[in-house]
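Trainee: Before I ask anything, here is the structure I am working with.
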Amino acid sequence: MRRPTILLVDDHALVLDAFKKLLEPEFEVVGTVSDSREAVSFATVLKPDVIVLDLGMPEIDGLHAGPELKKRLPRTKLIVLTMNEDSDVASEALRGRTYVTPMTERQLQEKFIRCPEIGQSKTLTVRQREVLKLLAEGRTMRETADILHVTPRTIAFHKYKIMEEFGLKTNSDLVKLALREKVY
C-alpha cells in the first residue's frame, strides 16, 4: 500500500526537522521548503497528497500561498499551522473542510455570537475595527501591534485585508472609512 506523500513548508529549520521525524514513519515526506514561493513551485512538480503549511512565512505568508496551491493542486489537502491565537487569522485561513483546535473553535463561536453579520459582505470584524481605529489615530503598525498584543505582520494583514475588501488605495482612504464606520 502506497504511503501518502507530504510536503512540509515552514521557515524554521527546527520545525521542519521535527515534523519530518514525526511524520516519516507513516508518511512519505517528499520535500521540505522554507518559503512560500518555493512551496508553490515544488508542490506543482511533486504533487503531494498533503501540504503542511505555516501561516507565518516571510514575504508571501501562508494565507496568500494557500489559495495559489489549491488552484494549482485542487486535490491536495492543506494543513495550515500557526502559533497565532487571533481568531480573525483563523477565520481568514478556514477553507473547505477544516479542523481547528478547541480553543480557536471557541473563539470563532464567540466571535460569531457577538457579531453574526460576519458572513455579510463589507462589514468590519471586531479586530478590524480595533486595527482601523488605531491606524486612523495615526499610530504605526508596530505601535498598533504592541497595543493589541499581536505582531506587526498581523496588523499589516488586517490593514491590507480592509483595504482590499473596501477597495481602498491610500492611508487617507482608511481614515475616511474609520470616520464613516464611526470607529472613533
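The values are calculated or read from the model by the stated rules, or taken from the named source; none is laboratory data. Just so it is clear, the model here is predicted, and its values are computed rather than measured. Quick reminder, even Gly has a Cβ in these numbers, built from the backbone with ideal geometry, and neighbours come from all protein chains shown.
Trainee: Out of (1) of a type in the set (Val, Ile, Thr); (2) at pLDDT 85 or above; (3) touching a strand residue (DSSP E or B) at 6+ places or on another chain (Cβ under 9 Å), what's the single condition that is false for Val80?
Mentor: The one condition Val80 does not meet is (2).
Trainee: Search segment 17-32 for residues that are in contact (Cβ under 8 Å) with a residue 12 or more places away in the chain and within 10 Å of Arg3 (Cα to Cα) and pair each with any residue that is of a type outside the set (A, V, I, L, M) and part of a strand (DSSP E or B) when their beta-carbon atoms are under 8 Å apart and the residues are at least 6 apart or on different chains.
Mentor: Pairs found: Phe27/Thr5; Glu28/Thr5; Val29/Thr5.
Trainee: How many residues are out of contact with any helix residue (DSSP H, G or I) (no Cβ under 8 Å at 6 or more places or on another chain), loosely packed, with under 13 Cβ neighbours inside 10 Å and under 14 Å from Leu124 (Cα atoms) if we restrict to segment 136-184?
Mentor: Adding up the residues that qualify gives 5.
Trainee: For segment 1-22, what are the residues that are under 19 Å from Thr76 (Cβ atoms) and either within 23 Å of the chain's Cα centre (by Cα) or surrounded by fewer than 17 Cβ atoms within 10 Å (Cβ to Cβ) (or both)?
Mentor: If the condition is that a residue be under 19 Å from Thr76 (Cβ atoms) and either within 23 Å of the chain's Cα centre (by Cα) or surrounded by fewer than 17 Cβ atoms within 10 Å (Cβ to Cβ) (or both), then Arg2, Arg3, Pro4, Ile6, Leu7, Leu8, Val9, Asp10, Leu16, Phe19, Lys20 are the ones that fit.
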